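Report on the following structure.
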Amino acid sequence: MKTQDIQHLYSEYILPTYTQIPVCLVKGKGSRVWDLEGREYIDFFPGWAVSGIGHCHPDVVNAIKHQARKIIHISNNFLNVKQGELAREISVNGFPCKVFFCNSGAEASEGAIKFARRFGQKTGRFEIISFRKSFHGRTLGAMTATGQERIHQGFDPLPQGFRYAEFNDLNSVKALINDKTVAVFLEPVQGEGGVRIASQEFMKGLRKICDDRNMLLMVDEVQSGMGRTGKMFAYQHYDIEPDIMTLAKSLGAGVPIGAFAVHRKVEAGVLTPGSHGSTYGGNPLVCAAALAVFKVIRKKNLLKHTVEMGSYLLEKLKALQVRYPVIAEARGVGLMCALELNEPGAPLVDAARAKGLLINCTQEKTIRIMPAMTVSKRVIDQALGILDTVLSEWKPGGTR
Ligand SMILES: *Cc1c(COP(=O)(O)O)cnc(C)c1O
């Protein structure tokens, strides 16, 4: 089979919801992937930010193999060793919480939204403030929390009770608060929205607003969590604690798992048996994989490594900015980095791929660069070399 044959299967049988890249990836290892024709790529947006510790990490592969031989799935009415251990793992990494496991980021958002609604019920509050350019997933509740018109389009009527403030603008939040407001929901670093980093004043200000009004501060760490920014969870850069945190993407290194974690201070008495559920949520297989992810991060000291590689990468991106006027800004925290361009970035992404480097473009002009946390300086140098070549050959404004 060739890539063309797979493309044919897609045009015949797959609903066209994704922009299709004409590359069929069949193998991955660390920061590298290979396509059906055997071409090798450096993956600097591994698995859409899922393969946070690189593709097919041997410890994760072994954990999955080992667990699959014992038992893959049990009903959530029975006790599950791995689920209990994984929930504890999230707590001991700094967020004292109780956890509900689901299968994706969108479901984690749904869970957080449902928790907030129940939490507000006694006081008649249900409105959630989220942010423009946010991204919380594609299910009805999660996509309504997502503050982007293009994602809502054509799906009316949307659920009620969502309002959108401007990111990093406390006054815009205050202006939306009324006696129905129960929660503020945000990504500490907006991913889809273009790697936009919440300021210290903003995050601390939101915490204070929520404290003053007994509202929930809910952080979506689906993309920023699990070490990506150099802390296990990105909120830990801000010297605050949220009331709810969502996780998914790199939590399972590729197996479908999501979670929402509720702080012990607010957890009691809100969700009761029968109030929420998921058949697959947190089954032994996916929890075994996620436990292996936490272990790898600890064993390999990947938080420290992420800080070091992140500053090395950002320095290099800033050097590119000096040389190429098409780059308006280079920014990032840990290994969650971006180049803001003065031009649409799609041609750059295509040209980089043709030379063996996978990166992502979001919000039209933002190039998202999120290497695996296991990346080395050597691989960063190699990738940046490709980016340099591509930028030097790029004729901004032209059709290329
Ligand atoms: C990807 C993402 C989601 C949605 O996750 P899915 O697993 O695709 O449902 C939610 N929030 C953030 C911040 C994300 O990056």
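The values are calculated or read from the model by the stated rules, or taken from the named source; none is laboratory data. Predicted, not measured: the structure shown is a model, and the values here were computed from it. So basically every Cβ, Gly included, is an ideal-geometry build from the backbone, and we count neighbours across all protein chains shown. The accessibility values were calculated without ligands, DNA or RNA, using every heavy atom of the protein model including side chains. Shrake-Rupley method; radii C 1.70, N 1.55, O 1.52, S 1.80 Å.
Return a whole-number percent for the relative contact order of the stretch 332-400, with Cα pairs under 8 Å and 6 or more residues apart as the contact set. Dividing the mean separation by the residue count of the stretch 332-400 yields 35 percent. Per-residue Karplus couplings for the stretch 252-267, computed as 6.51 cos²θ - 1.76 cosθ + 1.60 with θ equal to phi - 60°, are listed in order as x, 6, x, 7, x, 8, x, 7, 10, 10, 10, 4, 4, 5, 10, 6 Hz, Gly and Pro entered as x. The figure for residue 304 is an accessible area of roughly 120 square angstrom, using a 1.4 Å probe on the protein chains alone. Distance from the alpha carbon centroid of the stretch 14-54 to that of the stretch 111-159 works out to 31 angstrom. Since only 247, 63, 369 are under comparison, the one whose Cα sits farthest along the positive direction of the charge dipole of the chain, derived from C-beta charges on Lys, Arg, Asp and Glu, is 63. Solvent exposure of the stretch 1-95, expressed per residue, is 67 Å² of accessible area, with all protein chains present and a 1.4 angstrom probe. Normalised by the number of residues in the stretch 200-358, the mean separation of alpha-carbon contacts (under 8 Å, six or more apart) gives a relative contact order of 18 percent. Computed extension length for residue 121-residue 378: 87.1 nm, one decimal, from 0.36 nm per residue of separation with the Cα-Cα distance subtracted.
The phi-based Karplus calculation (6.51 cos²θ - 1.76 cosθ + 1.60; θ = phi - 60°) puts the 3J(HN,Hα) values of the stretch 232-241 at 4, 10, 5, 4, 5, 6, 10, 6, 9, 10 Hz, whole numbers, x for Gly and Pro. Surface composition of the chain: carbon and sulfur atoms hold 53% of the protein heavy-atom accessible area at a 1.4 Å probe.
Net charge dipole, the chain: roughly 920 debye, given to the nearest 20, about the Cα centre with Cβ charges of +1 for Lys and Arg and -1 for Asp and Glu. Taken over the alpha carbons of the stretch 178-234 as equal point scatterers, the Debye sum produces base-10 log I(q)/I(0) values at 0.20, 0.21 Å⁻¹ of -0.76, -0.82.
Quick check for you: with a 1.4 Å probe and neighbouring chains kept, what is the accessible area per residue of the stretch 144-236, in Å²?
Normalised by residue count, the accessible surface of the stretch 144-236 is 39 Å².
Farthest toward the dipole's positive end in the chain, which of 202, 147, 237, given Cβ charges of +1 (Lys, Arg) and -1 (Asp, Glu) about the Cα centre? Going by the charge dipole, the pick is 237. Looking at the stretch 50-144, the chymotrypsin sites (Phe, Trp or Tyr not before Pro) that sit in a DSSP loop and have at most 16 other Cβ atoms within 10 Å of their own Cβ are 78.
Over the chain, what relative contact order in percent results from Cα pairs under 8 Å that are six or more residues apart?
About 21 percent, as a whole number.
Checking every one of the GluC sites (Glu not before Pro) in the stretch 317-400 against DSSP loop status and a limit of 15 other Cβ atoms within 10 Å picks out 364.
Computed over protein heavy atoms with a 1.4 Å probe, the accessible surface of the stretch 267-400 works out to 44 Å² per residue. Under the shape rule built on the C-alpha gyration tensor, where the axes satisfy a ≥ b ≥ c, the stretch 228-285 is oblate, since a/c reaches at least 1.5 while a/b does not exceed b/c. For the stretch 13-121, applying the loop criterion from DSSP together with a ceiling of 12 other beta carbons within 10 Å to the GluC sites (Glu not before Pro) yields 37. Computed over the alpha-carbon pairs of the chain, the distance histogram in 20 Å steps reads 27, 58, 15, 0 percent, short to long. Amide H contacts of residue 216 (H built 1.01 Å from N, in plane; Pro and chain starts excluded): 183, 184 sit under 5 Å, all sequence-distant by 5 or more or on other chains. Using the Cα gyration tensor of the stretch 59-99, with a ≥ b ≥ c the square roots of its eigenvalues, what is the shape: rounded (a/c below 1.5), prolate (a/b larger than b/c) or oblate (neither)? In terms of gyration-tensor shape, oblate.
When the helix-only estimate is applied to the chain (DSSP H runs of n ≥ 4, each -39,500 (n - 2.57), divided by the residue count), what is the mean residue ellipticity at 222 nm, nearest 500 deg cm²/dmol? Dividing the helical sum by the residues of the chain leaves -11500 deg cm²/dmol.
According to the square roots a ≥ b ≥ c of the eigenvalues of the Cα gyration tensor, what is the shape class of the stretch 145-273, taking rounded for a/c under 1.5, prolate for a/b larger than b/c otherwise, and oblate for the remainder? Cα axes put the stretch 145-273 in the rounded bin. Only helices reaching 30 angstrom along their own axis (Cα) with mean Kyte-Doolittle hydropathy no lower than 0.0 count here, and for the DSSP H runs of the chain these are 302-323.
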